[in-house]
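First, the structure itself, so that you have it in front of you.
Read-outs throughout are calculated quantities, based only on the coordinates presented, and are distinct from any laboratory measurement. All values reported here derive from a predicted model rather than from experimental measurement. As a convention, Cβ positions derive from the backbone with ideal geometry for all residues, glycine included, and neighbour counts pool all protein chains shown.
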């Protein structure tokens, strides 16, 4: 069965993409530098590293097409940041995946905040549960699968479940912010390792930290 529940070929033609790399967050300065926006920060860092400029498109996202070379192999990747709010991330990711003919969920990497990991911890995961993350749930609904790759940036648990929203959207104490800045760099490293060396090699390097 075709991914996304579509049997026909998408409208996009041209060079095949090796990966769609999506960072999750909320748009607007109000949410900048909050725990929920670390996925955005990783994509912005990757764009800087790859000399790419993120531009608005018609699929409710800022995106950049990038050609990168590693180990003598050229890779064609798409960086993206939804311009939707977090809980509607799939409204950007689904159309992007279809337009750019990315039909294998293992070619989709989502970078996001993770309550189940402590600040400073970054882990790579392939598929699995969604842990109540609204952005991941929205993407799953639109892709009709949860088998995409995740780069999870730990932001720690709130004091109680009821405080989850405040926890991910509030400003961060300086010491924790320093940890998250380092984590964003590791998350960008993780994405580049997946692209350059493959999932297994990247997991061995990143998940062993």
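In whole Å and largest first, what semi-axes does the C-alpha gyration tensor of the stretch 35-86 yield when each eigenvalue is scaled by 5 and square-rooted?
Working: eigenvalues 95, 35, 14 Å².
They are 22, 13, 8 Å, listed largest first.
Let me ask something else. Please work out the ratio of the alpha-carbon Rg of the stretch 141-209 to 2.2 N^0.38 Å and round it to two decimals.
Against the empirical 2.2 N^0.38 Å value, I get 1.36 for the stretch 141-209.
Could I ask something else about it? By how many degrees, between 0 and 90 and to the nearest 10, does the Cα long axis of helix 174-197 differ from the longest principal axis of the chain?
20
Right, next: For the stretch 96-142, just the Cα atoms, rotate onto the principal axes and tell me the three extents in Å, largest first.
36, 17, 16
Here's another thing I want to ask about it. Quote the FRET efficiency, to the nearest 0.05, computed for residue 157 versus residue 130 with a Förster distance R0 of 22 Å and r equal to the Cβ-Cβ distance. Mind dumping the intermediate values first?
On the way: r = 16 Å, r/R0 = 0.74.
In this case the efficiency is close to 0.85.
Given contacts defined as C-alpha pairs under 8 Å and at least six residues apart, what's the relative contact order of the stretch 122-209, whole-number percent? Present the calculation step by step, with values, prior to reporting the outcome.
Working: 69 pairs, mean separation 32.4, N = 88.
Relative contact order for the stretch 122-209 comes out at 37 percent.
Determine the calculated [θ] at 222 nm for the chain from helices alone, applying -39500 (n - 2.57) to every DSSP H run no shorter than 4 residues and normalising by the residue count; nearest 500 deg cm²/dmol.
-10500 deg cm²/dmol
Hey, what's the Cα Rg ratio for the stretch 75-209 versus the globular rule of thumb, 2.2 N^0.38 Å?
1.05
Run the numbers on the chain and let me know its relative contact order in percent, using alpha-carbon pairs under 8 Å that are six or more apart.
26 percent.
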